1. Report every pair of residues separated by at least 6 positions or lying on different chains whose Cβ atoms are under 6 Å apart, first residue within segment 59-78 and part of a helix (DSSP H, G or I), second open to solvent by 50 Å² or more (accessible area, probe 1.4 Å).
2. Identify, please: which residue in segment 83-114 is under 23 Å from Asn56 (Cα atoms) and basic (Lys, Arg) and is, among those, nearest to the chain's Cα centre (by Cα)?
3. Here are some residues: Leu177, Leu156. Which one is at pLDDT 95 or above and hydrophobic (A, V, I, L, M, F, W, C)?
4. Just checking, which of Glu71, Glu108, Glu113 is touching a strand residue (DSSP E or B) at 6+ places or on another chain (Cβ under 6 Å) and among the acidic types (Asp, Glu)?
5. Suppose we keep only residues that are surrounded by 23 or more Cβ atoms within 10 Å (Cβ to Cβ) and over 8 Å from the mean Cα position of the chain (by Cα) within segment 35-50. Which one would you say is farthest from Phe233 (Cα to Cα)?
6. Just wondering, is there one or more residues in segment 231-240 that are open to solvent by 60 Å² or more (accessible area, probe 1.4 Å), out of contact with any His (no Cβ under 9 Å at 6 or more places or on another chain) and either touching a residue at least 40 places away in the same chain (Cβ under 8 Å) or farther than 23 Å from Asn79 by Cβ (or both)?
7. When you scan segment 123-133, do you find a residue that is surrounded by 14 or more Cβ atoms within 10 Å (Cβ to Cβ) and in contact with a Gly (Cβ under 6 Å, 6 or more places away or on another chain), even just one?
8. Report those helices (runs of 4 or more DSSP H) wholly inside segment 138-219 carrying at least 2 residues which are surrounded by fewer than 18 Cβ atoms within 10 Å (Cβ to Cβ).
Amino acid sequence: NLYLRKSIIITMERIITGIPGFDDILHGGIPKRNVVLLAGGPGTGKSILAQQYLYNGLLKGENGILVALEEHPVQIRLNFKQFGWDVSKYEKENKFAIVDAFTAGIGEAAKRERYVVQSEDFHSLLDVIRNAIRDINAERAVIDSVTTIYITKPTLARSMILQLKKVLSGLGCTSLLISQVSVNERGFGGPGVEHAVDGIVRLDLDEVKGELRRSIIVWKMRGTSHSMKRHPFEITGNGITIHVDKVVQEVFESE
């Protein structure tokens with residue numbers, strides 16, 4: 001019986017992302033309730049990977065929310081559709097929600113949004129996120145991007161992420177927080193942020209011998225082992241595919 005109890009404790013429930021190759025390099029998926037920082041420069045595919053994560057969840061019956069901080073919700077729905085991912089029907093079925101933290105309710109289209117953050121107050125944002133998760137019983141969440149939250153308050157970055165994590169994990173969500181870094185920056189965005197999250201996944205777009213190449217590497221993931229290698233990936237009409245059987249061997253260095 002003691003052995004059985006230990007086995008139950010050790011068993012880690014995971015969220016299967018459904019992204020080709022991603023679950024493989026995570027050795028089975030993201031541990032449930034983990035908050036993962038998805039860091040990378042412009043054009044690396046962060047938003048696409050995050051949207052693919054949410055849509056695959058909807059296909060599996062796992063409801064999700066996307067917190068839009070840098071783009072109009074209407075444009076985000078169009079971005080989904082570019083890959084054939086129509087989220088509108090899931091919104092109507094109360095299985096998917098976009099939290100509008102971009103428009104502040106300004107504009108005719110914004111008036112039709114269900115979840116709108118009316119002020120720039122961080123606690124107001126948390127309240128709307130909390131309500132959205134509870135309303136649709138969300139299991140997956142994406143914040144795009146978390147950098148926007150603390151860019152003018154860098155000293156509060158870690159504290160804000162911890163508060164956000166408390167809400168997301170506390171309500172049962174397994175979450176991706178998109179973090180922006182500059183082209184040549186090798187960090188993860190935000191002082192102390194990397195210590196506040198459960199996992200860090202870095203996406204890169206580097207020029208190698210006159211050609212741009214995309215790659216992904218898992219820097220840390222609490223609760224599971226993972227690939228320690230940098231793998232190439234590509235963006236197709238169906239989304240992101242990670243080539244688990246290949247390794248990017250070049251050493252990328254900032255200029």
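The values are calculated or read from the model by the stated rules, or taken from the named source; none is laboratory data. Owing to the predicted nature of the structure, the values given are computational and were not obtained by experimental measurement. Neighbour counts are summed over all protein chains in view; Cβ atoms, including those assigned to glycine, are modelled from backbone coordinates with ideal geometry. Just the protein is used for accessible areas: all its heavy atoms, side chains included, with ligands, DNA and RNA removed. Shrake-Rupley method; radii C 1.70, N 1.55, O 1.52, S 1.80 Å.
1. none
2. Lys95
3. Leu177
4. Step by step, each of Glu71, Glu108, Glu113 is checked, and only Glu113 is touching a strand residue (DSSP E or B) at 6+ places or on another chain (Cβ under 6 Å) and among the acidic types (Asp, Glu).
5. Checked segment 35-50; the qualifying residue farthest from Phe233 (Cα to Cα) is Val35.
6. Within segment 231-240, one or more residues are open to solvent by 60 Å² or more (accessible area, probe 1.4 Å), out of contact with any His (no Cβ under 9 Å at 6 or more places or on another chain) and either touching a residue at least 40 places away in the same chain (Cβ under 8 Å) or farther than 23 Å from Asn79 by Cβ (or both).
7. Within segment 123-133 (the criterion being surrounded by 14 or more Cβ atoms within 10 Å (Cβ to Cβ) and in contact with a Gly (Cβ under 6 Å, 6 or more places away or on another chain)), the answer is no, since none of the residues qualifies.
8. Filter on segment 138-219 gives 157-170.
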